[in-house]
Amino acid sequence: MRNRHRLLHICFVFYQLIIFSSPAKSDDSIIERFRAYLQIDTSQPNPDYTNASKFILAQAEALSLESQTLEFAKNKPLILLKWPGSNPQLPSILLNSHTDVVPSEPSKWSHHPFGAHLDSQGNIFARGSQDMKCVGMQYLEAIRRLKASGFQPVRSVYLSFVPDEEIGGHDGAEKFADSHVFNSLNVGIVLDEGLASTTEDYRAFYAERCPWWLVIKARGAPGHGAKLYDNSAMENLFKSIESVRRFRASQFDLVKAGLKAEGEVVSVNMAFLKAGTPSPNGFVMNLQPSEAEAGFDIRVPPTTDAESLERRIVEEWAPASRNMTFELGQFKQRASLHDKFGRPILTATDSSNPWWNLLEEAVRKANGKLGKPEIFPASTDARYFRERGLPAIGFSPMANTPILLHDHNEFLNQAEYLKGIDIYESIIKAYASYVQHSKDEASRDEL
Ligand SMILES: [Zn+2]
């Protein structure tokens, strides 16, 4: 009897070992945790930051990471986690992700945007599945694996889960990067979001285009709608719009011809047109108005000659000779192309930046491949770190994936998600154990 009991017991233990160590089973729980995070509705304009914070803090506790909740603006928590390194003198690694997502129109989705539905092909449908709850959770899963393997970081690894990126990041990453807390972290490199790639190469971003929001206004003598005369506000504004359109086409042609990537050209798109004399039924039709206005969203790569672009605006797009008004100080928004040290706001991707080489190598080691480094076409929180002169790389490991951020039916395949965890495991390991750079960093700090 005793032997039989023992045998049964051994069988049971063996069974448990198979069940709990089988990769499929642990993958299941990884996917469940990702889906649980996706199911928290953190969409703007009323993100559920309370439950997102609770969820992240619970993950941190399960992983024995140090945590603190910072509030730079009321009810907008920023969760900061720490995995302490054995050498706290060395600059640390910051893994940044935002917790909010853009709004969605559930009726236009095949599955509810906060249901995190997993279909038979392994696609997980949810707002934030690409932008960028995937990345936040992948950081944590990679750390879970590294901890389980006994890995001990030399550099401290921080994770920031920031609010409000989708509405500009002013109460999130911007205030964080300006804070004493941030200074005390002694950050040496920041990883932030990138974009999905439709090919098998991952995309990495070393800079982003800077938004210039321009409004130009034309004034002219009003006149009868039947009269042909020069210098009407409408005529003058249209000449400017034509000039802007020619420039837009010249930039777009470079992209279409494959000579430049989207992030490498100046994009200009008309955001609004405002003119006409309102009447109870619409607009007065027999009157040419005395004022007309147009607004443009211009995105400028940090490698652009800002002065020549400004000259183009003054001389061709809004010349005083056509009764156009525009003043350089009147941009609705005009992001600087330089960091606070006066250097172009970009992260080096050559041998001068060891973090870039480490990233490339770590991705390769995990059987991934990086495409040519790119300029991000829009804005992310990475700019707040680059503004401070810090290297920041935008990277979301999603290959063979359609780009669906901010779109209906945003999804990520679970196999790609799991592969991304391998990639981060490799990157975090390489970054957190990197020591050779310490001398260069010390001399840079002295400067
Ligand atoms: Zn994002």
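The values are calculated or read from the model by the stated rules, or taken from the named source; none is laboratory data. Computed from a prediction, not measured in an experiment: that's the story for all the values here. Cβ atoms come from the backbone with ideal geometry, glycine included; neighbour counts cover every protein chain shown.
Select, from GLY225, GLY220, GLY194, the only residue that is of a type outside the set (D, E, K, R), assigned by TED's automatic domain parsing to the domain that holds VAL101 and touching a residue at least 24 places away in the same chain (Cβ under 8 Å).
None of the others qualify; the one that does is GLY194.
Can you find a residue that is modelled with pLDDT of 95 or more, in a loop (DSSP other than H, G, I, E, B) and away from the ligand (no atom under 16 Å from the Cβ) anywhere in the range 49-62?
No, there is no match, as no residue in the range 49-62 is modelled with pLDDT of 95 or more, in a loop (DSSP other than H, G, I, E, B) and away from the ligand (no atom under 16 Å from the Cβ).
Name, by its number, the condition in (1) in contact with a strand residue (DSSP E or B) (Cβ under 6 Å, 6 or more places away or on another chain); (2) polar (S, T, N, Q); (3) more than 16 Å from the ligand (Cβ to nearest atom); (4) closer than 27 Å to ILE423 by Cβ that does not hold for GLN68.
Failing condition for GLN68: (4).
Looking at (1) in contact (Cβ under 8 Å) with a residue 60 or more places away in the chain; (2) touching a strand residue (DSSP E or B) at 6+ places or on another chain (Cβ under 6 Å), which is the one condition that is false for GLU360?
(1)
Counting residues that are assigned by TED's automatic domain parsing to the domain that holds ALA142 and within 26 Å of SER92 (Cα to Cα), which helices (runs of 4 or more DSSP H) fully inside the range 298-411 reach at least 3?
Per the criteria, 354-365, 382-386.
Just to check your reading of the model, which residue among LEU346, LEU405 is out of contact with any strand residue (DSSP E or B) (no Cβ under 9 Å at 6 or more places or on another chain) and aliphatic (A, V, I, L, M)?
LEU405
Would you check if there is a residue in the range 300-315 being of a type outside the set (A, V, I, L, M, F, W, C) and either touching an Asp or Glu at 6+ places or on another chain (Cβ under 6 Å) or buried (at least 20 other Cβ atoms within 10 Å of the Cβ) (or both)?
Yes.
Taking the condition of a type in the set (Phe, Trp, Tyr), under 15 Å from ASN413 (Cβ atoms) and more than 14 Å from the ligand (Cβ to nearest atom), does PHE125 pass?
yes
If you go through the range 189-203, how many residues are within 15 Å of the ligand (Cβ to nearest atom) and in a strand (DSSP E or B)?
3
Exactly one of (1) over 30 Å from LYS227 (Cβ atoms); (2) at pLDDT 95 or above; (3) of a type in the set (S, T, N, Q) is unmet by THR303. Its number?
Every listed condition holds for THR303 apart from (2).
Are any of the residues in the range 412-430 within 20 Å of the chain's Cα centre (by Cα), in a loop (DSSP other than H, G, I, E, B) and within 14 Å of the ligand (Cβ to nearest atom)?
no
Can you work out which of the residues in the range 143-188 that are within 16 Å of the ligand (Cβ to nearest atom) and among the acidic types (Asp, Glu) is farthest from PRO91 (Cα to Cα)?
Checked the range 143-188; the qualifying residue farthest from PRO91 (Cα to Cα) is GLU166.
Say we look at the range 78-103 and pick out the residues that are in contact with a Phe, Trp or Tyr (Cβ under 9 Å, 6 or more places away or on another chain) and in a loop (DSSP other than H, G, I, E, B); which of these is nearest to the ligand (Cβ to nearest atom)?
ASP100
Applying the selection to the range 182-218, what residues are under 14 Å from the mean Cα position of the chain (by Cα) and more than 15 Å from LYS372 (Cβ to Cβ)?
VAL190, LEU191, ASP192, GLU193, ALA196, GLU208, ARG209, CYS210
Select from the range 109-122 the residues that are within 25 Å of GLY168 (Cβ to Cβ) and away from the ligand (no atom under 16 Å from the Cβ) and list them in ascending order.
Scanning the range 109-122 gives a single hit, PHE114.
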